[in-house]
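Asker: I am attaching a structure below and will ask some questions about it afterwards.
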Amino acid sequence: MYETITYLINNGAAWITLNRPNTLNAFVSKMNQEITHAIKTASASDEVRAIVITGAGRGFCSGQDLSEVDEHMDHGEVLRKHYGPMIKQIYQCEKPIIAAVNGVAAGAGFSLALACDFRLMSDRASFLNAFVHIGLIPDSGNSYFLTRLVGEARALEISVLGEKIKAEQALSLGLATKVFPADHFEAEVQQFTERIASMPTKAVGLIKRTIKAAGNTSFQDYLEEEAQGQRIAGLTKDHREGVQAFIEKRKPVFVGK
Ligand code: T3D
């Protein structure tokens, strides 16, 4: 069904693999569209309780395919039409999204990883805010996410200097959630994903929503967002199961509803 990505569901998780390994999975507009579609599909599926985005071969994603760039291109329109909708779909997704960064994530590939909720990195992976090296500015939500993660001063350094950030450095900067040795990377990602997919999925989505509200609204509006979220969480089967399991002194079995 897809040409530039693969999509499969396994054990409650949707796995989206960027599949243009000869270019380290560079973006072409078809790939933007297919990722957007796959996230939408996963968001709507009752089977899916976590989403993983990773890359085929030795790279995660090298950003825009530079062989497709020419001087007649309106970069603003490319963003409005292709990158913006993809990043928005990720940002608005209520299910947890994990970037399994198996190799280099450069340019909009870095932005894609930043838009996700968790960034698991192989110790051979790296981030590169490559835009400045081709005379562009970070796009696809890059500065929005980066500034929130590392603060203005660091975001400026990372964006203007455009230096490669290795996995361990990414971890100490708060850009990576966890770093795993390349040899066990897939197994560790699988295990982490299973853990996330077995959580109370509705509550996780509502946690995402309230944390976003915390950074973007007044305290009064935040308190209202929190009250609305807790009301919804309190009506879930998983809330009842969590309380019941506590009383019965057993591990809860959440169903994501
Ligand atoms: O309209 C708009 O354009 C707006 C949107 C912009 C979004 C953006 O993402 S702009 C930023 C675009 N990306 C870059 O500038 C990164 C370019 N790539 C690199 O700097 C390096 O390739 C990497 C640091 C990512 C990896 O370096 P390395 O040494 O590990 O690998 P390599 O040898 O450079 O690349 C391997 C192959 O992938 C190579 O092809 P070949 O020689 O084996 O046939 C290389 O040409 C290809 N490749 C890597 N990145 C891209 C690419 N091909 C097309 N586009 C790429 N972005």
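The values are calculated or read from the model by the stated rules, or taken from the named source; none is laboratory data. All values reported here derive from a predicted model rather than from experimental measurement. Heads up, the Cβs are rebuilt from the backbone with ideal geometry, glycines too, and the neighbour counts pull from every protein chain shown. For the accessible areas, the whole protein counts, side chains as well, though only heavy atoms, and no ligand, DNA or RNA atoms are used. Shrake-Rupley method; radii C 1.70, N 1.55, O 1.52, S 1.80 Å.
Asker: Helix-only mean residue ellipticity at 222 nm, the chain, DSSP H runs n ≥ 4 weighted -39,500 (n - 2.57), per residue, nearest 500. What is it?
Answerer: -14000 deg cm²/dmol
Asker: Where does the charge balance sit around PHE118 when Lys and Arg score +1, Asp and Glu -1, over other residues with C-beta under 13 Å from its C-beta?
Answerer: Around PHE118, the charge tally is +3.
Asker: How much of the DSSP bridge set in the chain is antiparallel, in percent, rounded to the nearest 5?
Answerer: The answer is about 25 percent antiparallel.
Asker: Based on the inverse mean of 1/r over its pairs of different Cα atoms, what is the Kirkwood hydrodynamic radius of the chain, in Å?
Answerer: The Cα-based Kirkwood calculation yields 19.1 Å.
Asker: Using only Cα atoms and rounding to the nearest 10 degrees, what angle (0 to 90) does helix 201-216 make with the longest principal axis of the chain?
Answerer: Compared with the principal axis, the helix lies near 60 degrees.
Asker: Next up: Between VAL104 and residues 5 or more places away or on another chain, which pairs have amide H atoms under 5 Å apart, with H built 1.01 Å from N, and which residues are they?
Answerer: Excluding prolines and chain starts, which carry no amide H, the hits are PHE60, SER126.
Asker: Moving to a separate point now. For the range 55-180, which whole percent of the accessible surface, found with a 1.4 angstrom probe, sits on carbon and sulfur atoms?
Answerer: About 53 percent, which is the carbon plus sulfur part of the accessible surface.
Asker: Still on this structure: Taking the Cα atoms of the range 213-255, what is the range of coordinates along each of the three principal axes, in descending order and whole Å?
Answerer: 40, 17, 16
Asker: What is the sum of charges around HIS37, taking Lys and Arg as +1, Asp and Glu as -1, for the other residues whose C-beta is under 15 Å from the C-beta of HIS37?
Answerer: +2
Asker: Find which of ILE53, ALA26, LEU156 sits farthest along the positive direction of the dipole of the chain, computed with +1 on the beta-carbon of Lys and Arg, -1 on that of Asp and Glu, about the Cα centre.
Answerer: Value computed over the given set: ILE53.
Asker: Taking K and R as +1 and D and E as -1, what net charge do the other residues with C-beta under 10 Å from the C-beta of ILE196 add up to?
Answerer: Taking every other residue near ILE196 into account, the sum is +1.
Asker: Antiparallel as a % of all DSSP beta bridges within the range 97-241, to the nearest 5?
Answerer: Looking only at bridges with both residues in the range 97-241, the antiparallel portion is about 20 percent.
Asker: Taking the convex hull of the alpha carbon atoms in the range 112-185, what volume per residue do you get, in Å³?
Answerer: 82
Asker: Quick one: of the DSSP bridges fully inside the range 1-151, what percent are antiparallel, nearest 5?
Answerer: 25
Asker: Taking only Cα atoms, what is the 0 to 90° angle, nearest 10, from helix 185-197's long axis to the longest principal axis of the chain?
Answerer: Approximately 40 degrees, to the nearest ten.
Asker: Here is a further query. Nearest 10 degrees is fine. How inclined is helix 152-161 to the longest principal axis of the chain, computing both from alpha carbons?
Answerer: 30
Asker: To the nearest 20 debye, what charge dipole does the range 1-88 have about its Cα centre, counting +1 at the Cβ of each Lys and Arg and -1 at the Cβ of each Asp and Glu?
Answerer: Value, rounded to 20: 320 debye.
Asker: What does the C-alpha gyration tensor say about the overall shape of the range 36-139? Classify as rounded when a/c is under 1.5, otherwise prolate if a/b is larger than b/c, or oblate.
Answerer: Judged from the Cα gyration tensor, the range 36-139 comes out oblate (a/c at least 1.5, b/c at or above a/b).
Asker: Give me the accessible area per residue for the chain, probe 1.4 Å, as a whole number in Å².
Answerer: Roughly 53 Å² per residue, with all protein chains present.
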